[in-house]
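Here, each number is a calculation from the coordinates, and none is a lab measurement. For clarity, every value in this text was computed on a predicted model and none was experimentally measured. As a convention, Cβ positions derive from the backbone with ideal geometry for all residues, glycine included, and neighbour counts pool all protein chains shown.
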Amino acid sequence: MNQVLNILVCDENQTFFRYFRKTFPEFNFSFFSDEKKDAFLIDKFDRIIFIQEGPIEEYMIFFTQFEEKIPIIFGIYERRPIPAKYQIILTTNVKILYLLETKKEISNQLKEYFDNVVL
């Protein structure tokens, strides 16, 4: 029996959030904004997809709070390595999603991550 994943998507302009919901209807995607009305219990989610909108140093607090609790898929727009000074270690809990690919390639990347969980 397949596990249904609950996935929190942090995507400022909701473009990828809408795309992921359309492409993977078998999963439960929730949109997160930092407005106070969106009070989520983070631990109810199986994954977090975080779309980088600004410099990585703005997100370090986020990663230190959640990377050990919930696996994070970090969407980036460049294929440059993340500088070591930011100490984001790509482990089983942090994966990179390259967003400058075609929609099909982005879907394939996500499908690979999801297939490893929902076998």
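Could you compute the net charge surrounding N28? Neighbours are other residues with a C-beta less than 13 Å from the C-beta of N28; K and R count +1, D and E count -1. Provide the component values of the computation, followed by the final result.
Working: positive: R21, K44, R47; negative: E26, D46.
With Lys, Arg at +1 and Asp, Glu at -1, the neighbours total +1.
Between Y113 and D43, the contour length at 0.36 nm per residue exceeds the alpha carbon distance by 23.3 nm.
Protection proxy ranking for 7-15, 51-59, using the average of other Cβ atoms within 10 Å per residue and placing the highest first: 7-15, 51-59.
Cross-linked pairs K69/K111; K44/K95; K22/K44; K69/K104; K44/K104: Cα-Cα separations exceed 24 Å for K69/K104; K44/K104.
Electrostatic tally near I49: other residues with Cβ closer than 12 Å to its Cβ, Lys and Arg +1, Asp and Glu -1, net +1.
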